[in-house]
Amino acid sequence: MSTEEGDRVELLQGTLDLLILQTLRQGAAHGHEIMQAIKRRSDAVLQVEQGSLYPALHRLIKRGWIGFDHGTSDNNRRAKYYRLTAKGRRQLAVETSKWERLARAMARVLRPA
Amino acid sequence: MSPRRRDPLDDLDQDIRDHLRRETEENIARGMMPAAAAAAARRAFGSVALTTEAVRAVWTPVWIDRVAQDASYAVRSFVRAPGFAIVAMLTLALGIGVNTAIFSLVYGVLMRPLPFGESARVVRVSEYHAGGRSTLRDAMIANQTFEAWRRAPRAVDALAAYAERAYDVSGGGDAERIRATAVSPALFRVFGLTPAAGRFFDDREALAGADTVIVLAYGYWQQRFGGRSDAVGRTIVLDGQPRVIVGVAPAGFSFPDRDRRLFTPFVVPRLQTDAGDPQVRVFPAIARLAPGATIAQAEAEGTAVVRALGPPPIAADLLFGKGGAAAVRVRAVIDELTAPVRPMMLMLGAGVVLVLLVGCANVANLFLFRGASRARELAIRSAIGAGRARIVQQLLTESLVIAGAGGILGMLVAWRLIASWPALAPRSVPRLDQVQLDWTALAFAVVATVAAGLLAGVAPALHSAPSGPAAALREAPGPSSTRAASRVRQALLVLETAVAVVLLVSSSLLVRSFVRVLARNPGYDASHVLASRVSLQGGAATAARWQQLAAAILDRVRALPGVESAGAASMAPLGDSTFTIGFRLAGDRAEPVIARARGYVVTPGYAEALRLRLIQGRFLTAADAASAIEAMVVNEQFASIYLNDGKPILGRRYAGLLAPGVTTEIVGVFGNVLKNGLLDAPEPEILVALGNHGLINIGRDINLVIRTSGDPAAVAPALPSIVRDLDPGAPVHNTTVLATVLSATAGETRFATTLLAGFAALALGLAAVGLYGVLSYDVSRRWRELGVRAALGATRSRLVALVVAEGLGLSAAGIAAGIAAAAGVARLLRTLVFEIGPLDPVSFVAAPAIALIVALAACGIPAWRASALDPAAALRTE
């Protein structure tokens with residue numbers, strides 16, 4: 001139970017969480033759609049490990065940031081749809097600004113003016 | 001959407017399957033073959049099992065995870081160093097096991113609800129005269145009071161009287177003598193019973209002449225009638241009188257104690273007046289409190305009833321003692337049943353808890369040693385980010401794991417002990433059959449286990465967990481950080497020693513008291529005496545027949561080889577019947593004294609066979625039986641209570657003392673007899689000769705006492721044939737060696753004393769092990785220091801003295817604290833000790849001395865190790 005390893009996991013989780021929340025802002029989606037959307041919107045730079053998507057989804061459900069419904073998909077099949085909750089929407093704003101601050105700071109450090 | 005809360009885990013598998021199917025379809029759309037597409041999808045997803053696991057972990061509370069992690073870590077580390085774990089586990093197993101066993105004993109005897117009805121509402125009702133000195137052995141009520149109250153009870157319903165009986169049964173099987181109870185029909189309602197077969201008594205069957213019915217106890221129905229339903233309606237013969245079986249009581253019901261074989265109707269003696277005074281008869285009675293009624297209300301109602309009857313008749317004064325106004329007492333039966341053993345049970349409970357406490361202190365010390373030796377490991381954990389709380393939690397988990405293992409092992413100990421309680425505990429302890437290892441006992445064991453784990457673990461965990469990573473790494477494992485832990489160890493040791501001393505002093509008080517009890521003079525010489533009883537049957541039970549049969553039996557018994565002397569009486573020491581008489585003793589005082597005494601009708605030879613002590617005058621002789629003047633021998637207690645006017649006792653004559661028109665003369669004084677055993681108190685007693693007067697109730701039992709030169713049991717086989725020749729219908733029973741019965745009367749005291757002494761030994765042993773452990777640890781911790789001292793010229797004896805001084809210092813502190821605590825505890829034991837003051841000097845000197853000797857012994861090995869120290873080697877050790 002080393003701390004460094006824990007911190008790294010935290011970081012990745014946080015990133016994936018942010019990506020999921022951002023994706024669901026466009027509307028409810030099932031797991032596969034979320035994965036595809038992240039891949040597509042990041043020009044395939046961000047490759048979500050498919051297996052880690054589901055624990056992340058459940059973590060977000062547990063925190064109350066996303067909910068889920070059962071619906072039918074475009075080709076008329078049953079599917080579990082994840083959607084953003086009001087709390088999740090607020091959290092997305094917080095996380096986004098946090099991320100942007102971090103990104104700006106990183107940029108300043110890496111490319112000093 | 002449905003508003004109900006859905007479990008997000010419900011459709012996890014389906015969700016993942018959907019995902020894989022979509023991925024597969026996309027792969028196919030990209031032109032892959034279906035099989036390859038599915039394989040690629042699975043590859044891209046990774047392990048479904050691991051994912052599922054990870055999702056479930058999201059929903060698992062963190063603490064479960066941590067506890068499981070800590071517990072498995074603890075188990076692994078115990079397996080690596082099993083010595084520590086085994087000692088700690090065995091210590092706690094012993095403590096928890098013995099505690100659970102004692103708990104189930106105390107719970108079963110004192111607290112388990114009575115098996116029938118709403119037990120707390122079943123009460124005993126009895127009568128007393130405020131301030132009067134009643135010498136009735138049990139709480140009883142008079143017939144007038146009972147009848148008057150029964151007419152209009154409000155605070156109680158189902159008022160029931162009873163009397164213990166013994167019958168000779170014949171018809172429908174072998175002749176045998178059985179214990180039974182005569183009960184009011186209402187008694188079955190008091191307990192809310194339903195018959196297992198047939199019916200209970202009708203109220204009309206409790207009238208004289210109509211009482212020719214019986215209800216069988218369930219066990220007896222099984223035993224004698226094989227549980228056949230046609231037993232109801234059959235006739236059996238009790239004491240020569242035919243009786244019809246009308247029903248069977250439910251399984252397990254026996255009253256007032258175990259092994260009552262059947263029930264007969266209790267006929268309340270008639271209230272007919274006899275020469276002006278109402279005839280007073282007393283008997284025990286119970287009732288059920290009416291719904292909503294309290295004990296106080298019932299007492300007020302009963303007292304009002306008895307006072308409405310007017311001033312108590314003289315006969316009632318004789319029974320309840322002359323005193324203030326009559327009143328009624330109401331007590332819950334369960335409390336009353338268990339009251340005699342309550343102090344003993346509570347003492348055992350307290351004692352065994354102390355043993356567990358000592359065990360916990362020892363295990364706590366072990367954990368402290370272990371914590372010290374793991375200081376570096378804990379420091380590293382702290383350095384890599386484990387908080388203090390996290391490490392404390394981990395250490396506590398370890399002690400709980402040890403306690404848990406100890407608890408499981410302890411169940412085996414408890415199970416063995418509980419199974420042997422009925423054999424170990426004296427039969428006089430009520431409700432022993434209620435003692436069992438059940439859910440209540442298991443719940444207790446779980447609580448005890450957790451408590452023991454925390455007690456043993458909290459102090460070590462707090463002391464071993466570093467307060468911060470920096471401090472931990474800097475200090476570990478230097479002597480300064482262990483100083484605090486060392487103080488805790490010493491404090492624990494002082495506590496253990498103190499507790500052990502308290503137990504030692506307490507058990508020493510009990511042992512000394514028990515020795516006193518055994519050394520009491522019962523007033524007769526029980527060694528080499530065989531006691532037996534012959535019961536006259538039915539109509540043959542007359543005083544004349546008694547006298548004739550007794551004389552014939554004694555003639556033959558005296559002729560047996562090995563018999564030195566023999567006699568018979570209407571009652572005998574340690575027999576279960578007692579006849580008490582009351583009479584007016586007209587002395588020189590202005591007011592006639594009302595005397596009460598146990599009245600024995602004795603044959604010649606009785607006093608000799610029992611070796612009663614003659615103080616003055618003479619015992620009764622054959623001539624007294626025929627004399628016109630009734631000769632009477634009184635005991636010392638009688639003389640000191642009733643004949644204490646300083647005038648000579650012998651030769652006093654009383655006209656009409658025991659019967660109208662007969663003069664009684666006191667011809668002798670004998671030493672007090674403890675009729676009911678070694679814990680009995682002396683009561684006034686008189687002996688009269690069997691004569692034509694028939695003044696004192698002689699009963700139907702011929703109580704034989706036979707003194708032998710050899711083993712009294714050797715004479716026993718001859719008795720039945722002697723009696724059968726003389727009267728085939730009279731059973732011989734209760735043939736016992738008197739000394740055995742006498743020593744059994746101290747059985748409860750012996751039991752409690754043995755157990756407490758065992759606890760004390762256990763506690764002392766644990767404390768000694770603890771002292772040994774602390775000293776050994778200190779010697780190894782100070783190895784270098786001792787080496788330096790040796791190198792600088794300290795002699796071996798100096799090194800030994802260093803170690804012993806530390807050990808004795810700790811012990812002395814513990815012993816001093818123990819003596820102070822024991823002085824307080826001893827006061828609580830007052831009711832349990834006999835003729836020993838609570839501050840008995842012998843106990844308070846002997847117990848600490850024993851503790852000191854054991855402490856010295858515990859110092860031995862560490863001191864020897866210190867003396868054998870090689871300075872050069874010691875200085876090289878790190």
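Summary table below
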| quantity | calculated |
| --- | --- |
| Evaluation of B:Gln69 against (1) in contact with a Ser or Thr (Cβ under 7 Å, 6 or more places away or on another chain); (2) within 30 Å of B:Ser399 (Cα to Cα); (3) within 13 Å of chain A (Cβ to nearest Cβ) (one fails), failing number | (1) |
| Selection status of B:Asp11, more than 30 Å from B:Gln436 (Cα to Cα), crowded, with 19+ Cβ neighbours inside 10 Å and either modelled with pLDDT under 85 or under 52 Å from the mean Cα position of the chain (by Cα) (or both) | no |
| Of all residues in the range B:632-665 being part of a strand (DSSP E or B) and touching a Leu at 6+ places or on another chain (Cβ under 6 Å), the one that is surrounded by the fewest Cβ atoms within 10 Å (Cβ to Cβ) | B:Thr664 |
| Residues being at pLDDT 90 or above and hydroxyl-bearing (Ser, Thr, Tyr) - total across the range A:1-30 | 1 |
| Cross-chain or 6+ apart pairs with Cβ under 6 Å, the range B:782-806 first and assigned to a helix (DSSP H, G or I), then of a type in the set (S, T, N, Q) | B:Trp783/B:Thr877; B:Arg796/B:Ser867; B:Leu799/B:Ser867; B:Val800/B:Ser867 |
| Residue in the range B:25-36 that is surrounded by 11 or more Cβ atoms within 10 Å (Cβ to Cβ), of a type in the set (Asp, Glu) and within 23 Å of A:Ile66 (Cα to Cα) present | no |
| Selected residue (criterion: farthest from B:Arg177 (Cα to Cα)) from residues of the range B:200-231 that are buried (at least 18 other Cβ atoms within 10 Å of the Cβ) and among the aliphatic types (A, V, I, L, M) | B:Ala206 |
| Filtered residue count, the range B:838-878, keeping only those that are small (Gly, Ala, Ser) and outside any helix (DSSP H, G or I) | 1 |
| Qualifying helices (runs of 4 or more DSSP H) (wholly inside the range A:17-113; at least 1 residues being within 14 Å of chain B (Cβ to nearest Cβ) and surrounded by fewer than 16 Cβ atoms within 10 Å (Cβ to Cβ)) | A:31-41, A:50-63 |
| Members of the range B:26-40 found to be more than 9 Å from chain A (Cβ to nearest Cβ) and part of a helix (DSSP H, G or I), listed by number | B:Asn27, B:Ile28, B:Ala29, B:Pro34, B:Ala35, B:Ala36, B:Ala37, B:Ala38, B:Ala39, B:Ala40 |
| Test: residue in the range B:795-817 that is among the aliphatic types (A, V, I, L, M) and closer than 30 Å to B:Phe751 by Cβ | yes |
| Selection within the range B:857-878 - buried (at least 16 other Cβ atoms within 10 Å of the Cβ) and not small (Gly, Ala, Ser) | B:Cys859, B:Pro862, B:Arg865, B:Leu869, B:Pro871 |
| From B:Ala148, B:Ala160, residue being modelled with pLDDT of 85 or more and part of a strand (DSSP E or B) | B:Ala160 |
| Which numbered condition B:Met111 fails, given (1) away from every other protein chain (no Cβ under 13 Å); (2) in contact (Cβ under 8 Å) with a residue 40 or more places away in the chain | (2) |
| Helices (runs of 4 or more DSSP H) contained entirely in the range B:469-577, each with at least 3 residues that are modelled with pLDDT under 85 | B:469-475, B:479-518 |
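To keep it simple, each residue is scored yes or no on (1) in contact (Cβ under 8 Å) with a residue 60 or more places away in the chain; (2) outside any loop (DSSP other than H, G, I, E, B); (3) surrounded by 14 or more Cβ atoms within 10 Å (Cβ to Cβ); (4) among the β-branched types (Val, Ile, Thr).
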position	(1), (2), (3), (4)
B:Gly407	yes, yes, yes, no
B:Met411	yes, yes, yes, no
B:Trp415	no, yes, yes, no
B:Ile418	yes, yes, yes, yes
B:Trp421	yes, yes, yes, no
B:Arg427	yes, no, no, no
B:Leu437	yes, no, yes, no
B:Thr440	yes, yes, yes, yes
B:Ala443	no, yes, no, no
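A quick yes/no check of all residues on (1) farther than 30 Å from B:Phe759 by Cα; (2) more than 9 Å from chain A (Cβ to nearest Cβ); (3) of a type outside the set (A, V, I, L, M, F, W, C); (4) in contact (Cβ under 8 Å) with a residue 60 or more places away in the chain:
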| site | (1), (2), (3), (4) |
| --- | --- |
| B:Ala44 | yes, no, no, no |
| B:Thr52 | yes, no, yes, no |
| B:Trp63 | yes, yes, no, no |
| B:Ser77 | yes, yes, yes, yes |
| B:Ile86 | no, yes, no, no |
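The values are calculated or read from the model by the stated rules, or taken from the named source; none is laboratory data. Predicted model, so just to flag it, every value in this text is computed and none were measured. All Cβ positions, glycine included, derive from the backbone under ideal geometry; neighbour counts span all protein chains shown.
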